[in-house]
1. Once the Cα atoms of helix 146-158 and of the chain are each reduced to a long axis, what angle between those two axes, in degrees from 0 to 90 to the nearest 10, is obtained?
2. If you count only protein heavy atoms and use a 1.4 Å probe, how large is the accessible surface of VAL86, to the nearest 10 Å²?
3. Ignoring everything except DSSP H segments at least 4 long, calculate the 222 nm mean residue ellipticity for the chain; use -39,500 (n - 2.57) per segment, divide by total residues, nearest 500.
4. Quick one: ranking HIS201, HIS177 by accessible area, 1.4 Å probe, largest first, what do you get?
5. Ignoring ligands, DNA and RNA, please state the percent of accessible area on the chain from carbon and sulfur, probe 1.4 Å.
6. What is the calculated FRET efficiency for LEU252 to LEU122, with r their C-beta to C-beta distance and R₀ = 45 Å, to the nearest 0.05?
7. Roughly how many Å² of ASP211 are accessible to a 1.4 Å probe, to the nearest 10?
8. Can you list the residues of the range 186-224 with backbone N under 19 Å from a point 7 Å past the Cα of GLU129, pointing along Cα to Cβ?
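The values are calculated or read from the model by the stated rules, or taken from the named source; none is laboratory data. Computed from a predicted structure; not experimentally measured. With ideal geometry, Cβ positions are generated from the backbone for all residues, glycine too; neighbour counts draw on all protein chains shown. Note: accessible area is taken over every heavy atom of the protein model, side chains too, but ligands, DNA and RNA are not part of it. Shrake-Rupley method; radii C 1.70, N 1.55, O 1.52, S 1.80 Å.
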Amino acid sequence: MTTPTPVVELVCAGFAYEDGPAVLSGVSFAVREGRAVALLGRNGGGKTTLLRLLSGGLRPGEGTLLLDGEEVAYDRKGLTRLRTSVQLVVQDPDDQLFAASVAQDVSFGPMNLGLPEEEVRLRVAEALEALDITALADRPTHLLSYGQRKRAAIAGAVAMRPRVLIMDEPTAGLDPHGQERLLETLERLRAAGTTVVMATHDVDLALRWADEAAVLSPAGLRTGPAADLLAEDALLDAARLRRPWAVSVGRLLRTQGLLPEGTPAPRTAEDLDLLLDRVG
């Protein structure tokens, strides 16, 4: 069976900031349609740089960025083409929000595409509804809570109707309830056809949420099924990541004969409760 062409792909990409050492070198990273991808790695390891390369905010010093298999041109036409398919939400919403009200901020991207006013209004309404912040449409952005600002920033990206939504530490600074609401929102976006890439330090969240993991370490970038990659102790150590609790629980259950070999380990507390109910 032919493997579908990735929506967006970095091929042998490298990048160094001015007068600094290489942050990334020889990195290849493909984002395929319909996936949930968690990007993990140590602080300063290049996760944010990688996200900005994928979204066109930075240009590789070496290597290539492809969109639907075609090389991206770093001119106005090429970047507009890229950003109608790929949108980045940065970690701090205050770096992204700038308009007087939520609705004005969310409308900025679609307006810049030159869309008719009616289409802009439709996209804004859809994005606000998707993020469950319709009631905040006229609220000044500076009066929003931190969690509300996060959702407003994501809504601005969603209004562009991207095929790939890239987020840098989207759950950082959110309380547990806020994290759950955000994950529910991401599930709705995925159900509607949006591919999601999330950089996170939270290995438990990554294992619970992601289909695929991409782990940055000094040895380079490793990608694969989240459940497999996040069970590799040597890789986690190299990336300065701790072992997910679910991996430890799965190993304990197997040593106690409660989880047959080849049976997937529980990835959430709910999975664990169901398993214990069955064996109890």
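1. Approximately 70 degrees, to the nearest ten.
2. Using a 1.4 Å probe on the heavy atoms, I get roughly 0 Å².
3. Working: 11 runs with 110 residues, N = 280.
So the calculated ellipticity at 222 nm is -11500 deg cm²/dmol.
4. Working: HIS201 80, HIS177 125 Å².
Ranked from most to least accessible, the order is HIS177, HIS201.
5. On the way: 7010 of 14010 Å².
Of the solvent-accessible surface of the chain, carbon and sulfur hold 50 percent.
6. Numbers: r = 51 Å, r/R0 = 1.14.
Plugging the Cβ-Cβ distance into 1/(1 + (r/R0)^6) gives 0.30.
7. Approximately 50 Å² of ASP211 is accessible to the 1.4 Å probe.
8. Answer for this model: 186-194.
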